[in-house]
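Only one structure is covered here, and it is reproduced in the block below.
The values are calculated or read from the model by the stated rules, or taken from the named source; none is laboratory data. It should be emphasised that the depicted structure is a prediction, and the values quoted were computed from it without experimental measurement. Quick reminder, even Gly has a Cβ in these numbers, built from the backbone with ideal geometry, and neighbours come from all protein chains shown. The protein model used for the area step is the full one, side chains on, heavy atoms only, and it has no ligands, DNA or RNA in it. Shrake-Rupley method; radii C 1.70, N 1.55, O 1.52, S 1.80 Å.
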Amino acid sequence: MLVSRTRFQQLRALSSVAMVVPQIDNSSDFLSRVPHRKHPGILHMNMAHLPKEAQDAVQILLRRSAVRQLEEHVSSLNNYLWSRKRPPEDRELREKAMELEQKFKENTHFESDIHIYKKEEKLKNDVLCTLRKNTYHWQPLSYTEQLGLVYLAARFDGGFAAVSRVLQEIYQRVPEFSPQTLLDFGSGVGSVPWAAHGIWGNKLKEYMCIDSSASMNTLSELVLRGGSEKGQMHISGIYHRQFLPVSPKVQFDLVVSAYSLNELPNFAEREKNIQTLWRKTGGFLVLVENGTREGHQLLMEARDIVLKGGDKEVWDHRPACVFAPCPHQLECPKLAGSSQTPCNFVQQYQPLKLKWNPSVRWEKFSFLILSRGPVGENDRHWPRMVGPVLRRPRHVHCNTCCADGKLHHDIITPKRHGKDLYRCARNCEWGDRLPVIISNSSPDKAEYDEKEPAS
């Protein structure tokens, strides 16, 4: 019995040495200046509020509108946008057609040469019919004045909340970054300028808003003018255009594209526009999409386009670096497995005061921030919380994406990891970063079954 217990203790000691335990990264001594509940890895916003001027303008425009059954239209548009997929590529359709043709041929027997033509016609029709039934029918959205008002009621507040949360991360992690110019591609009803102005205020001098819909540009300007064509612009320096300027000579400190990539008809158009946006990026390129698998895959596609280069027209030779949410530049581990789960985050916000809206809503979104050159070298490796943080007595469950390009499930306890790291983890939320050097192991289950002092 004694030998068995001794052997167990030796094995436990060896395993403790072999395992790499997360260590608090206090290189800047942040815990001496801030409490654990305000550690620098915390990025979440408690509540996003649209400015009162924007809310009042929306109310005026919706009251004046002639849109009937607005609530039903808003619900239908939200459902459509959330379930929308990327348009299928011609290559994919051809491959599917060839697979179906081969499958049908295996089950078809040509009795004689006389019937070959008729059989081939039937085969072609069967393939086309099956493709129509099983292929997603993507169609471009034409934003008329009426559909623009429906979009304003449906997505203005949620889009503002997501963009505010994403831009807040740049503001918090890089306080010295003070953009003066902003390019908003696919500007729609103008949630991006409102969000950016709420963070940097009058430091931003110029906003170039690009949207192919003239109706959306008009609506965006009406919101900025308080709902009246003769009203004063609440934010100065905003210019609306219908086409994206392709010249790389003029760069913008901040380039944003929110909920716009899925409006492009194919990969070639997405690639061309993403390369153009990156050429025009002087500081940060910010992309935001729905927090669905499709939205996340669109962002990872854009990430590969920029990181792998291939753009023949290079004016700015500073390298592209992933600033957020990934703590690495490797393949996304969420897409590496068979599950293909999206990497998404949530933001609480106060919706527009419409009769069908609750008092609080949550926006689920995916995002990507690329920077010109490395930014924040000291803390770029901090793991990102990619799921809800589960707080339990004397331990915290953390699902993180780490600098090694892998997903980790860590169980943080005060006994094994120290009270500082335990308290930091306990104050984290989904989307925050854990201020540790490495996080790639979990303590034994028995660790948190032992009696430990509560913190």
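Packing, taken as the mean count of other beta carbons within 10 Å per residue, orders the peptides 357-368, 404-415 from highest to lowest as 404-415, 357-368. Sorted on the mean count of surrounding Cβ atoms within 10 Å across their residues, most packed first, peptides 245-254, 208-217 read 208-217, 245-254. When the solvent-accessible area of segment 291-432 is split by element, carbon and sulfur atoms take up 49 percent of it, the probe being 1.4 Å. Once the 1.4 Å probe is applied to the protein heavy atoms, segment 193-245 comes out at 49 Å² accessible per residue.
Rolling a 1.4 Å probe over the protein heavy atoms of segment 161-282, with every protein chain left in place, gives an accessible area that is 49 percent carbon and sulfur.
Sorted by packing (mean other beta-carbon atoms within 10 Å per residue), highest first, where do 82-88, 148-154, 174-180, 293-299 land?
Top to bottom by mean Cβ count within 10 Å: 148-154, 293-299, 82-88, 174-180.
Solvent exposure of segment 259-416 amounts to 41 Å² per residue of accessible area, where only protein heavy atoms count and the probe is 1.4 Å. Largest accessible area first, the residues Glu229, Glu313, Glu301 order themselves as Glu229, Glu313, Glu301 under a 1.4 Å probe with ligands, DNA and RNA left out. Separation of segment 160-231 from segment 282-354 is 20 Å, based on Cα centroids.
Extension gain, Glu301 to Ser32, is 92.7 nm, computed as 0.36 nm per intervening residue step minus the present C-alpha separation.
Averaged per residue, segment 134-186 has 38 square angstrom of accessible surface, using a 1.4 angstrom probe with ligands and nucleic acids left out.
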